[in-house]
Amino acid sequence: MRGRHVLVGITGGIAAYKVGYLVRDLIKSGAEVKVMMTESATRFVAPLTFSVLSKNPVYSDLWTNNQTSNPDISTQHVDLANWADVLVIAPASANTIAKLAYGISDNLLAVVALATTRPIILAPTMDAEMYLNQVTQNNLVTLKERGYIILDPPKGELASGLSGPGRLPEIKVIIEAIENVLSQSYQDLKSKRILITAGPTYEAIDPVRFVGNRSSGKMGFAIANAAALRGAKVTLIAGPTHLETPRNVTRIDVESAEEMLEAVLSNVKKTDAVVMAAAVADYRPVNPARQKIKKQAGSKTMDLQLETTRDILAELGRKKRTTALIGFALETNDEIANAKEKLRKKNLDLIVLNSFGKKNQVFGSNLNTVAIIDKHGKIEQLPIMPKFEAANKILNRIKKIL
Ligand code: CTP
């Protein structure tokens, strides 16, 4: 911690008083600390408390000069954003979380959070119902996807008298998170090269029609996003989807299974892991028509002859050396047995089994229920969760293999 710059942002909540201990412990460990407070936070604890503890002025107003090294108030937010090695927002209120999710910057803390390129740690702290409200949960998922480090609030008795998740984590937990960030350990996949496929493939019937499937690509894109945020060098080979390319990801667009195979083969060299999340077509029309096929008057049926495509994963599995191979499976019956058989046949290290059912519509949803099965048949069943979180769980397992 010695000499590192920790910028602490305090928002309005009763737990604000506990942040005094955080600032004190950070100073004790040799860090330099500056504190920003929202107007609501100053109603809970006087800025003077944090000024004394941090040995610095407290920054709370966008429009006053708080004596940063640069006396120009118009650049104060930029100075603070650049000064910080890490920004820790604790307690982070539902209001501030919502502002950050949408880029609303109507106070100094929100402006600095928007302006900084440094890691941001959030400790959501509020009443349990506010925390569990879908609006807050969605905002937190949005922020996680952007790389914020979110500390889950412990459950317990809350100031409202109710009980549930919403408390400020122990000070030592917050300090550990800061140390992790500063030691870059959150970049735990740095220098790893990961090739990911996502989305469906389209197999041409004629120039305007195709055989496809319902895959949205969201799971593969979530893995690509999460891996890039953890420092991996990610190449994403995407079938047709409308999804945006995650930051720091190299994307290659393909359409058919054949194109995906070629793209994978020409990018697989020197990769540490290949994650085949794409729903690759198993069959494609034999000899797609060059012209649009006309409706045959008087004919009630039409035959479409299909031939098998090459299995990309099986091909990689046959030539396998050091690259870890991760496959996906979607089964409607004998799920575990079929997934295990696929893992064995294709020579994989892990297979991720998507649950298929009316309650858990995997296609297009932002939520997913998966089980991760390894070579030894060990099954890790995960509960329903946002695809981005499932992506991180899958990456945790891949990291162990690497
Ligand atoms: N896969 C692939 N190339 C194909 C077909 C599938 O690499 N031509 C990959 C998928 O990306 C997925 C895994 O193989 O990671 C499982 O695909 P799936 O189609 O479910 O399995 P199959 O072995 O084709 O078996 P079935 O369709 O009978 O379930």
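Just one of the listed residues (ILE379, ILE336) is of a type outside the set (Gly, Ala, Ser), away from the ligand (no atom under 16 Å from the Cβ), more than 21 Å from ALA227 (Cβ to Cβ) and assigned by TED's automatic domain parsing to the domain that holds VAL274, and it is ILE379. Only one entry in LYS172, LYS144, LYS155, LYS99 is open to solvent by 60 Å² or more (accessible area, probe 1.4 Å) and either under 18 Å from the mean Cα position of the chain (by Cα) or modelled with pLDDT of 95 or more (or both), namely LYS172. Filtering segment 334-356 to residues that are part of a strand (DSSP E or B) and modelled with pLDDT of 95 or more leaves LEU350, ILE351, VAL352, LEU353. Of note, VAL111 does not satisfy the criterion of being among the hydrophobic types (A, V, I, L, M, F, W, C), farther than 21 Å from HIS5 by Cα and open to solvent by 20 Å² or more (accessible area, probe 1.4 Å). Across segment 210-256, the number of residues qualifying as of a type in the set (Ser, Thr, Tyr) and either within 12 Å of the ligand (Cβ to nearest atom) or touching a Cys at 6+ places or on another chain (Cβ under 9 Å) (or both) comes to 2.
Candidates ASN366, ASN347, ASN354: the one that is in the same structural domain as LEU261 (by TED's automatic domain parsing) and over 18 Å from VAL275 (Cβ atoms) is ASN366.
Applying the condition of being at pLDDT below 90 and assigned to a helix (DSSP H, G or I) to segment 47-87 and asking which residue is least open to solvent (accessible area, probe 1.4 Å) yields GLN76.
Looking at segment 120-145, which of its residues are without any contact (Cβ under 8 Å) to a residue 60 or more places away in the chain and in a loop (DSSP other than H, G, I, E, B)? Matches in segment 120-145: ASP127, ASN133. In segment 210-217 there is at least one residue matching the filter, namely being open to solvent by 20 Å² or more (accessible area, probe 1.4 Å) and either among the aromatic types (Phe, Trp, Tyr) or outside the structural domain of LYS270 (by TED's automatic domain parsing) (or both). Of all the criteria given as (1) in contact (Cβ under 8 Å) with a residue 24 or more places away in the chain; (2) within 27 Å of THR308 (Cβ to Cβ); (3) of a type in the set (Val, Ile, Thr), the one not satisfied by VAL286 is (1). Evaluate the following for GLU331: is it at negative phi, of a type in the set (Asp, Glu) and at pLDDT below 90? So GLU331 fits the description; yes. The residue that is nearest to SER215 (Cα to Cα), counting only those in segment 278-322 that are surrounded by 17 or more Cβ atoms within 10 Å (Cβ to Cβ) and touching a helix residue (DSSP H, G or I) at 6+ places or on another chain (Cβ under 7 Å), is ALA278. Listed by position, the strands (runs of 3 or more DSSP E) enclosed by segment 226-306 include none that has at least 2 residues that are at negative phi, touching an Asp or Glu at 6+ places or on another chain (Cβ under 9 Å) and not assigned by TED's automatic domain parsing to the domain that holds ASN392. Filter segment 257-275 down to the residues that are crowded, with 21+ Cβ neighbours inside 10 Å and of a type in the set (Gly, Ala, Ser), then identify the one that is farthest from the ligand (Cβ to nearest atom). Only one residue fits best here, namely ALA273. THR309 meets all of the listed conditions (1) without any contact (Cβ under 8 Å) to a residue 60 or more places away in the chain; (2) near the ligand (Cβ under 10 Å from one of its atoms) but one, namely (1). Among the residues of segment 153-212, the ones that are among the hydroxyl-bearing types (Ser, Thr, Tyr), within 30 Å of THR136 (Cβ to Cβ) and out of contact with any Asp or Glu (no Cβ under 7 Å at 6 or more places or on another chain) come to 3 in all. Search segment 312-332 for residues being under 26 Å from PHE388 (Cα atoms) and in a loop (DSSP other than H, G, I, E, B), and hand back the single one that is nearest to the ligand (Cβ to nearest atom). Applying the filter and picking the extreme gives GLU331. Somewhere in segment 357-376, is a residue closer than 18 Å to GLY220 by Cα, in a helix (DSSP H, G or I), at pLDDT below 95 and not hydrophobic (A, V, I, L, M, F, W, C)? Within segment 357-376, none of the residues are closer than 18 Å to GLY220 by Cα, in a helix (DSSP H, G or I), at pLDDT below 95 and not hydrophobic (A, V, I, L, M, F, W, C).
Taken over segment 22-46, residues that are under 20 Å from VAL181 (Cα atoms) and not in a strand (DSSP E or B) amount to 10.
The values are calculated or read from the model by the stated rules, or taken from the named source; none is laboratory data. Treat the numbers as computed from the prediction; the structure is a model and nothing was measured. Heads up, the Cβs are rebuilt from the backbone with ideal geometry, glycines too, and the neighbour counts pull from every protein chain shown. Note: accessible area is taken over every heavy atom of the protein model, side chains too, but ligands, DNA and RNA are not part of it. Shrake-Rupley method; radii C 1.70, N 1.55, O 1.52, S 1.80 Å.
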